[in-house]
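Take a look at the structure set out below.
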Amino acid sequence: MTSKEPPSYKLVGVIVAIIVIAIALYGTYSFLSWNWATGPGDLLAGKGWTLGQWFYNLGLDFWLAVGGIIWLAGTILFLMELGGVTLEGLKLRRFSLRWDAVDIATTALCAAVYGGGLFATGGLTIIPGFTWIRPANALTPIFGMLFGLPGAFGCAIGNFIADAFAGFLSVGSIGGFVGNFILAWVPYKFVKDASMRSGKSWAQFYLWGVLVGSVWCAIYIGWWLYFIGPQSPVLASFPLTGLPAFLVWGWFTPFVVINNAIVTAFVSAPVTAALFPYAKKWGLYWGDRIQYKS
Amino acid sequence: MPNDYGLIAFVVFVLIVGAILYAMRKPVGRLILVFGVGGVLTLIAYFILIFAGVYDNVTGAFTPTPVLNVFAVVVIVAGLGAGYYAVQRARVKK
């Protein structure tokens, strides 16, 4: 870590990392130590997986409202980035990416490596038809922080490819498309120093890249599955997926949070630090390719 | 299945929007066209795997999936090839 920054940044970085890793470890431990001999329906009797039970007890009305706001924010940001407008702090700013052969090839690189990495473990099913154990999720912050938008869009496409090859493709995959974009977009926007050479960048990474990104992605996809599912307030008579609300909020969403958090917390930051000099040298680092308009 | 029809309609919609934007020479049109073409290719692969019966062998938790792993290696190698191409092009532009 650089010696120019105040020592307090390093302390903040360590504290944030410890808190986020503790949350990820607790979620993983509680998931693995749950009594799997009983069924997932025990959640309805108040005896579900601790984290899932906590999520579910917040209530479907809560998730419809809060999840809806989070979903809407994610969708607007996704469309804004497609349209060449981005967030800089709290301000909107126009930018231009050439989307030339280099950007498209970078998108293809991320899509193929992420997609292939995901569906290689497609047999480790957690909720059949909806999610599985996905160690390759560790790649999303790496691609986002190094390659920017091409990396984030590559992760979106990669998740779609993985859904298809793992046999999980459905209308729910549209939510996964944007959700995985968000998972890469959050660290791309909020970790200011992708070289990971300062305590501040590590603190930003654990807060935004691990915690916020994981939660946002999970709630985004969860709300979409709930909204198009059999207990949807709108589409209940014509559901597009078959996942009941208790599985969405009590199992799927918290599982996606801990799956994302645990792999990104331990793998993504050091790999990004190791790859940054190469991305920079090869001319693929997003900061060298994007142009902002005044 | 309505589920598949909805997805097919969505992918075709993205493909058409991408083609229109690309024809209008909008920079982002190329990306959206990639979304559409990628989506169509993915759907084709998906239906091939369905009719080949690969998914019938994936029955539940912790099922070994050697076929999927072979596909995964092929896709990852293709991705690394795209990455190599990107690096070469980026160097030329420098």
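What follows is calculated from the coordinates using simple rules that are stated; it is not laboratory data. Note that the structure is a prediction, hence the values are computed from the model and not measured. Counting neighbours? That spans all protein chains shown, and the Cβs are built from the backbone with ideal geometry, glycine included.
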Quick calc, residue A:19 & residue B:44: beta-carbon distance into FRET formula, R0 45 Å, rounding 0.05, result 0.50
Here, chain A modelled as identical Cα point scatterers in vacuum has Debye log10 I(q)/I(0) at q = 0.10, 0.12, 0.13, 0.17 Å⁻¹ of -0.53, -0.76, -0.89, -1.45
Protection proxy (average C-beta count within 10 Å per residue), highest first, orders A:47-55, A:14-22, A:66-74 as A:47-55, A:66-74, A:14-22
Per the 1/(1 + (r/R0)^6) rule, R0 = 30 Å and r from the Cβ atoms of residue A:266 and residue A:293, FRET efficiency to 0.05 is 0.20
For the pair residue A:73 and residue B:25, the simple spin-label estimate (label points 7 Å beyond Cα toward Cβ) gives in nm 4.0 nm
A student asked for the Cα radius of gyration and Dmax of segment A:1-73 in angstrom ought to give 18.3, 55
The long-range amide H neighbours of residue A:131, using H built 1.01 Å from N in the peptide plane and a cut-off of under 5 Å, are A:126
Amide H contacts under 5 Å for residue A:198, restricted to residues at least 5 apart in sequence or on another chain and with H modeled in the peptide plane, are A:2
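Which of the pairs A:200/B:26; A:10/A:293; A:47/A:189; A:189/A:293 have their Cα atoms more than 28 Å apart in this structure? Could you put the intermediate results ahead of the total?
On the way: A:200/B:26 38 Å; A:10/A:293 34 Å; A:47/A:189 39 Å; A:189/A:293 17 Å.
Exceeds cut-off: A:200/B:26; A:10/A:293; A:47/A:189.
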From the Cα centre of segment A:95-165 to that of segment A:172-223, the distance in Å is 13 Å
Rounded to a whole number, the mean other protein chain Cβ count within 10 angstrom for residues of B:27-34 is 6
With bins of 5 Å, the percent of all Cα-Cα pairs of segment B:1-52 per bin from 0 is 5, 22, 24, 21, 13, 9, 5, 2
